[in-house]
Amino acid sequence: MEEREVILSAKDVEVKFRVRDRILTAIRGISLDIYKGETIAIVGESGSGKSVFTKTFTGMLEVNGDITNGTIMFEGKDLTKLKKDKDWEGIRGKRISTVFQDPMTSLNPVRTIGYQISEVIVKHQKKSKAEAKQMAIELMKQVGIVNAENRYDDYPFQYSGGMRQRIVIAIALACRPDILICDEPTTALDVTIQAQILKLIKDLQKEYGFTTVYITHDLGVVANVADRVAVMYAGQIVEIGTAEEVFYKPAHPYTWALLSSLPQLGVKGEDLYAITGTPPSLYDKVIGDAFAPRNPYAMKIDFEEEPPMFKITDTHFAKTWLLDPRAPKAEPPKAIRNLHERLLEITDERGDYHG
Amino acid sequence: MKRYVLGRIIRSVISIMVVTCAVIVLVFMGVPRDRIFRQDQASLQKLASKPDELTNYRYNKWEDIGYLDFQPLSEMCTNSSDDYAACMVPGSDEFNRVVEQYEADGYTITEYETSDLVFASRDYSPLELVWNFLTSFIEIDHPNVIQDADNPDLERRIYIGSDFNGIPAVKCTGCEHEYLIYFDSSFPFIHQNWIQLNFGESYPTFQRRDTLEVISSGQGELVNAPTTFPNGTTGNSTLNLHTCTYKPTASMDRMDLNKFDTNYANCMSNYSSPSMINLSYIFGIAALVLAYLIALPAGIIMAQKKGKWQDKLGIIYVNIMISVPSLAFIFFMKLIGNSFGLPDKFPQLGFQDIRSYILPVIILALLSTASLMIWVRRYMVDQSNADYVKFARAKGLSQSEIFNRHILKNAIIPIVNGIPGQIILCISGSVITESVFAIPGMGKMLPDAIKANNNTMIVTLTFIFTALSIFSLLAGDILLTFVDPRIQLSSKGETR
């Protein structure tokens, strides 16, 4: 893989929350380089810290949360040093934008669609209102709003869910950001609209060349769009690699379990696979491998010492003692061994599920 | 929307009438009817030596107020007998026939205490009470109202003319009123006499005046002002020429003829003080504006500084205001005001002095600030947690931009909806304040009327308060459509 330009580089990021006099460590030292123009997906179950991690890119942590360690370098600036809203001006919403999960509530119900789009253009690009309106209508056309001129003055309630998410994307892209963070952009939409929205983001990415960070727990979405995949568990990245590597040669037992529980892989008549147990409490210090208590392959050392990041290929890393030369050989579960063939079986030529 | 609003108005009117009729039945059937004379002891005492006249007086009053149908013998004989003279002799055949006929019709025949004459009376049933009220409730003026035998050539038409100031007005000849629609300098600047609501006469307080007239006409001293009369003469006069009604030719006196060239010479006067309704409105609106001026910014600051000392201070204030009984608060404020030299009672300095208004307005305003503040705060906090606020932040808007452009507009919606309701609260809330400060307003009128057993006044005020509250709900909903694009008032099947 050729050397690519790193656009955002997180090092040893640690995020803590104060929750009723207790300290919760939501992110436990994440290092991640995001390359220019790539699509990286961060997957993991609820509470694994994937949203919290990306919120540090835009300074959107809740008031009781702080970055307690690490650096996030973006264009030569350390984003962890930015505290006030004023510091973030020119970055948040301009260079790094976010699309949220629920388009139904992401838009202000009593402001027109047009106002909400042109507002960002006026704010970040210092255009006049009339210019902003022209640009906004152009954007609306680009995200696929038919009859954009006439719908400029409509209110969100007059738009369907899919169309609202298109508007949210238009707003996020209004200032041609370098990085677009999509925080579960399709979770609230029905499947046919999901595919349309994913395709829209893909097409726009081709056109503008921005970097996309997907946050999702839908592996279907990941398979569909991602160049690279980072798997998060209990506030850490446990495995990272290209989409092919993570899907077809997964190395971490958590990734195995995650892939095994894909409902699409379920066999008729058999129970769907579910990971037993619950994630560890992040209020307490995690000793050893956080996944060990739920891991059927866990060894003694998993409960004693935290595993380092093992390098598998130049692009593929995993944080599990199973990769230590001294570890016994463990095979991934049968359900995901020939994942490639199984996935080909259940997807059509465009990569969409038909099952 | 038009159809919806029309439907709402019709339903509102029906609700108002239902409430009013229920109150009529309650007041007329539930309260012992002798009580209405308690405040009229002077008249009763005068007649104490003449028991028959006393009986007549009492029954006449009851009939005027609407309790019953009263017919002394003379009326019975005029109505039901061809032989008046024979009928008027108790014991005669004709007399007995008439009495029997009346008894058959459900009347009670009673003998007077001293004379041997009788009279008939029949109490109205609840249904008749309501029916009588409804049938005489609305009076529409039209050119055929006046029937004056002495003035057979009376012209009968409605026309657009000008009043004594040269301002256009809809005038009428042949109607009860000379001016049907006119403009003047007092709120709401356009007035009408076309449609009159009739609630009956006020008794025992404010006797021989219609209840509506009592609360809507000026109070205090008569005001003399240079006036040009219809026939061109000028002079100082207290008359308000807009209110003139027809005076039968027979009762036109020389003074009338000196001033008026038509029969519309029965005019009300101008008074120095505003009417009860206007006074209550002055207080209500002033207090409302003040309350919003205090509570809106206070609630907004509390929401913005949630959890900080500003918020805590506000919550302490709200708690105190809600937990202290309003009467105690009123007297407490009065004490403070008095130490600043503000008057104890409204009439001390009168309506011309601004100091008379300060204390009651402040009290009325503060009384409604507490709930307003807590609601404003709550709506603001609710909205600041909304997803669109998070997204607006992600868009890169600053805190103040998010606040002014997004949160405020959403939080204001329920507040706007409540504004008309607050106006009503100000007026009805002033029942206590007006009593404490002896303000001659409409709010004080209700407890006064109940104390005096002034039935017609109670019904009138019930009608006014009910109408105000029901239409304030409608007004609130209509206001909503201006601030919230999602709300369209339309009935089923109506296109937007």
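All of the numbers you see were taken from the coordinates with simple rules; none came from a lab. Source: prediction; values computed, not measured. Please note: Cβ atoms are built from the backbone with ideal geometry, for glycine as well, and neighbour counts cover all protein chains shown.
Tabulated results
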quantity: Within straight-line cross-link reach of B:Lys390, aspartates and glutamates at Cα separation under 12 Å, skipping those fewer than 8 residues along the same chain; calculated: A:Glu62, A:Asp102
quantity: Estimated 222 nm signal from helices in chain B, with DSSP H stretches of n ≥ 4 weighted -39500 (n - 2.57), rounded to 500; calculated: -17500 deg cm²/dmol
quantity: Footprinting exposure proxy for A:Asp271, B:Asp141 (fewest neighbouring C-beta atoms within 10 Å first); calculated: A:Asp271, B:Asp141
quantity: Selected from B:Ile65, B:Pro90, B:Ser121, residue furthest toward positive end of dipole (region B:29-135; charges at beta carbon); calculated: B:Ile65
quantity: B:Asn404/B:Val223 FRET efficiency (R0 56 Å; Cβ-Cβ; nearest 0.05); calculated: 0.70
quantity: Rough spin-label spacing in nm, given labels placed 7 Å along Cα→Cβ, for A:Asn147 and A:Thr187; calculated: 3.4 nm
quantity: Region B:29-135: C-alpha gyration tensor shape, a/c 1.5 cut-off, then a/b vs b/c; calculated: oblate
quantity: Least to most buried among B:Ser269, A:Ser260, B:Ser185 (fewest other Cβ within 10 Å first); calculated: B:Ser185, B:Ser269, A:Ser260
quantity: Kyte-Doolittle at least 0.5, axis length at least 18 Å by Cα - qualifying DSSP helices, chain B; calculated: B:2-30, B:276-304, B:309-323, B:326-339, B:355-384, B:408-436, B:455-483
quantity: Total charge dipole magnitude, region A:6-226, about the Cα centre, Cβ charges on Lys, Arg, Asp, Glu only, Debye to nearest 20; calculated: 540 debye
quantity: Under-20-angstrom lysine pairs by C-alpha in region A:233-355, whenever the two are 8 or more apart or on separate chains; calculated: 12
quantity: Three-way shape call for region A:71-132 based on the alpha-carbon gyration tensor, with the a/c threshold at 1.5; calculated: oblate
quantity: Cα centre as origin, Lys/Arg/Asp/Glu Cβ charges: the protein assembly as shown dipole, Debye; calculated: 4320 debye
quantity: Sum of -39500 (n - 2.57) over DSSP H runs of 4+, divided by residues of chain A (222 nm, nearest 500); calculated: -8500 deg cm²/dmol
quantity: Using alpha-carbon coordinates, inclination of helix A:191-208 to the longest axis of chain A, degrees; calculated: 70 degrees
quantity: With at most 13 neighbouring Cβ atoms within 10 Å, loop trypsin sites (Lys or Arg not before Pro) (DSSP) excluded, longest segment of chain A; calculated: A:127-267
quantity: Taking B:His406, A:His252, A:His217, A:His124 and counting other C-beta atoms within 10 Å, the order from fewest to most; calculated: A:His217, A:His124, B:His406, A:His252
quantity: Net charge dipole size for region A:232-346 [Lys, Arg +1 and Asp, Glu -1 on Cβ; Debye, nearest 20]; calculated: 160 debye
quantity: Part-to-part distance (alpha-carbon centres) for region A:1-65 and region B:85-154, which is given in Å; calculated: 93 Å
